[in-house]
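Please read the structure below before turning to the comments.
Every number here is computed from the coordinates shown, using simple stated rules; none is lab data. Fair warning: this is a prediction, and the values are worked out from it, not measured in the lab. Please note: Cβ atoms are built from the backbone with ideal geometry, for glycine as well, and neighbour counts cover all protein chains shown.
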Amino acid sequence: MQRTRQAVRVSKPSWWKTACAVCALCATATGATASGPTDGDKARTSTTALSGLPAEARPGILSALSRDLRISQLAELTASDGSTGDDLAWSVSVNGNTIAVGTPNASIGSNSAQGAVYVFVKPAGGWTNMTQTAKLTASDGAAGDQLGWSVSISGNTVVAGAPNATVGGNQHQGAAYVFVEPSGGWVDMTQTAKLTASDGASQDSLGFSVSISNITVLAGAPGADSLLGAAYVFVKPLGGWANISQQAKLTASDSKSGGKLGWSVSVSGVTAVAGAILDGPGQAGAIYVFVKPSNGWHSTTQTAQLDASDGMPDEQLGYSVAINGSTVVAGAPYDTTSGPPGSEQGAAYVFVEPSQGWTAGNQTAKLTAADGQVGDQLGRSVSLSGTVLSAGAWRANNLQGAAYLYLKPPGGWQNTSVFNTELSASDGSSGDVFAASMAAGNNVSVAGAPGHLGVGAAYVFGP
């Protein structure tokens, strides 16, 4: 059941109406919370003692075994000035001891839904319930920009997307804003730089997704080029971040009309990945991998296209995406898994780079939840840190939401429905949409619950 919320106060790009099978979730930013188990180990799930048990009995037993692992909620992060309908934690990112939380519907002054990013720095005594260390806003922000729709942090730099920003008179062209931490630490501030596309147009929605790795920012524009979509690469100038346009525009050589490349993006080192939720075989969604050329980033098409071997129309592979080293994970929240067409139980797909480098191919493994239900939408969010993969099912448990953690087995990723940990919020309730966003790093997992108490919250989990 969808809860009643304050209506979104801004106009949306026209293409958002057909962005997904449940567009109301994007159009009105509905929410949920979480419920579930704890952190687990794959070695335990493959013990020979279980081999003689009926196959249908194993998932429940393994899930129960995983619950004694020592992972728990460490903190609940909220905004000191939060208001109903803000959608705090619509996006989250973590790096080191710092967590950035996007709040796209926050009002700034009289500008409704201008948006903001809240920064939380880990106290000396460890993570604890707290309000923000700093609030980041755009100096030129306007009503409806929705800064914080996406967010990413690397080192001392936060990048946030404002996909509805008007640029040069073009409504919903979108922009990405860069914030660099001052020498004295994070404080309330406006942007260091604003990133825009030199060929931007109305409805492009640049900043719908963002990712930063060291000096490289990747920003998705799923509405670009009549919904073909694109991802834009911005590289930090030698003198530091400044207002600039892209160094490269990344597109798909086989892009289909309405594919929406750039719905999700992630960058790590020399490799960028972008999801195109209505591209690929049968419009099942696809992932495009771009490897930085030896002479630097320049406009190019993909190095490889990654598809689901069992993909079905409208399953939206690439709704979320993350890369870590040689591994890519992509969410397909409308995957039918074991239910009838349209059941939307969801799944996460893992792709591992071949020894010869990225080439077109299918998944290494498909991850589902043994206790998954129709409509859970596992894969709405994903994150990857080392050998731990996190996937959010924001509509699980009557829109309370849940986050599932999977540990890479010693022999490598493989198909499984057995998760190692299921995370939930200690004060979660229906409508929280917990795990609408996920991030992991520095031995913690962060889950966003933008519907919590109508305002939103981010939760930190760790040992």
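So if I take the alpha carbon set of the stretch 231-314, get Rg, then get Rh from the Kirkwood formula, what is the Rg over Rh ratio? Mind dumping the intermediate values first?
On the way: Rg = 14.0 Å, Rh = 13.5 Å.
Dividing the radius of gyration by the Kirkwood radius yields 1.04.
What Kirkwood hydrodynamic radius do you get for the stretch 395-463 when you take the inverse of the mean 1/r over all pairs of distinct Cα atoms, in Å? Each step should come with its number before you reach the end.
Values: mean 1/r = 0.0783 Å⁻¹.
Result for the stretch 395-463 stands at 12.8 Å.
With +1 on each Lys and Arg Cβ and -1 on each Asp and Glu Cβ, how big is the dipole of the stretch 108-241 about its Cα centre, in debye rounded to the nearest 20? Present the calculation step by step, with values, prior to reporting the outcome.
Numbers: 4 positive and 7 negative charges, 68 e Å.
For the stretch 108-241, the charge dipole is close to 320 debye.
Over the stretch 14-462, what number does the Rg to Rh ratio reach, with both radii from the alpha-carbon atoms and Rh per Kirkwood? Let's see the in-between values first.
Working: Rg = 20.1 Å, Rh = 21.2 Å.
When Rh is taken as the Kirkwood radius, the ratio is 0.95.
By how many nm would the segment from Ser183 to Ser83 lengthen if fully extended, with 0.36 nm per residue of separation less the alpha-carbon distance? Don't skip to the answer; put the middle values down first.
Details: separation 100, 0.36 × 100 = 36.00 nm, distance 3.05 nm.
Extending this stretch completely gives an extra 32.9 nm.
Show me the ranking of peptides 163-170, 257-264, 145-152, 119-126 by mean Cβ neighbours inside 10 Å, starting with the highest. Let's see the in-between values first.
On the way: 163-170: 19.9, 257-264: 26.4, 145-152: 30.8, 119-126: 14.8.
So the order, starting with the most tightly packed, is 145-152, 257-264, 163-170, 119-126.
For the stretch 95-157, what is the per residue volume of the convex hull drawn over the alpha-carbon atoms, in cubic angstrom? Numbers along the way, then the final one.
On the way: hull volume 5.5 nm³, N = 63.
So the per-residue Cα hull volume is 87 Å³.
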